[in-house]
Amino acid sequence: MSFPDNSADYHDEFDGDGEELPEAGDIEALVWNLLLLINPNDPETALRQFDAYREAVGSAQPDGPDAVWQLKDVIDWTSGFHIDGQDRAALIDCLTQLVARWNLEIDWGGDVSDDDFLDQADVPSLMAVAYDRLREHGYTLWNWNSDDGCCAGWIALSRDDEGMQQLTALLGIELRPGSDAF
């Protein structure tokens, strides 16, 4: 696989205060960088998702906050998640699948197949557990404000935390660590 034709336009550094939304061409560059961050050491997946994103938006060129909605479908259950905000089982299933690509398992602190365990947990507490367990392995669980009653987010390397925050600010995405779920 090869990188986008105009890969020289895509940078790995983010310099901005997030107050002004970038122009349409810049949005594409920011999306590419986001995909690289949420697909650590997997540029092939990032490229496939970038191509799917470009196909989905066509010539529409959404602004930053709308770009994440286009990305949601492209990355779902591969590099990100968007689930019902009350569906504990779906959160566990999705995060289990996401971390499997790095040969990791999350210790949820109980038997996830036990209905009593699931009844006592809620999505924010499970997000906090996953956040803590992933930090032990050098990853950060992020969640973005979907404003639709759903729980949405992705995982990136912890060393990229500052870059992730700067990048999502430039895109106008309200993002928090998984320990502080929306």
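I want the local charge near ILE83. Using Cβ-Cβ distances under 12 Å, sum +1 for each Lys or Arg and -1 for each Asp or Glu among the other residues.
Net charge in that neighbourhood comes out at -3.
Let me spell out the model: positive unit charges on the Cβ of Lys and Arg, negative unit charges on the Cβ of Asp and Glu, origin at the Cα centre of the chain. What dipole size does that give, in debye rounded to 20?
About 400 debye.
Quick check: at a probe of 1.4 Å, how many percent of the accessible area of the chain sits on carbon and sulfur atoms?
41
Given q = 0.08, 0.10, 0.12, 0.16 Å⁻¹, what are the Debye log10 I(q)/I(0) values for the chain, with equal point scatterers placed on the Cα positions and solvent ignored?
Once normalised to I(0) and log-transformed, intensities are -0.24, -0.38, -0.54, -0.95.
Could you work out the relative contact order of the range 23-92? I mean the mean sequence separation of Cα pairs under 8 Å and 6+ apart, divided by the number of residues, in percent.
31
Taking all pairs of different Cα atoms in the range 132-182, averaging 1/r and flipping that mean, what Kirkwood radius in angstroms comes out?
Mean inverse Cα-Cα distance, inverted, gives 11.1 Å.
Express in nm, to one decimal, how much length is gained between GLN120 and GLN61 on full extension, taking 0.36 nm for each residue of separation and deducting their alpha carbon distance.
Length difference between fully extended and current span is 16.9 nm.
Accessible area per residue for the range 100-141 in Å², computed with a 1.4 Å probe and the full protein assembly in place, what is it?
Heavy-atom accessible area per residue stands at 58 Å².
Taking the Cβ of PRO40 as the center, what net charge do the other residues with Cβ under 10 Å away carry, scoring Lys and Arg +1 and Asp and Glu -1?
Neighbour charge sum, excluding PRO40 itself: 0.
The values are calculated or read from the model by the stated rules, or taken from the named source; none is laboratory data. Please read these numbers as outputs of a predicted model, since none were measured by experiment. Note that each Cβ is placed from the backbone with ideal geometry, even for glycine, and that neighbours are counted across all protein chains shown. Quick note on the areas: whole protein, heavy atoms, side chains included, nothing else; ligands and nucleic acids left out. Shrake-Rupley method; radii C 1.70, N 1.55, O 1.52, S 1.80 Å.
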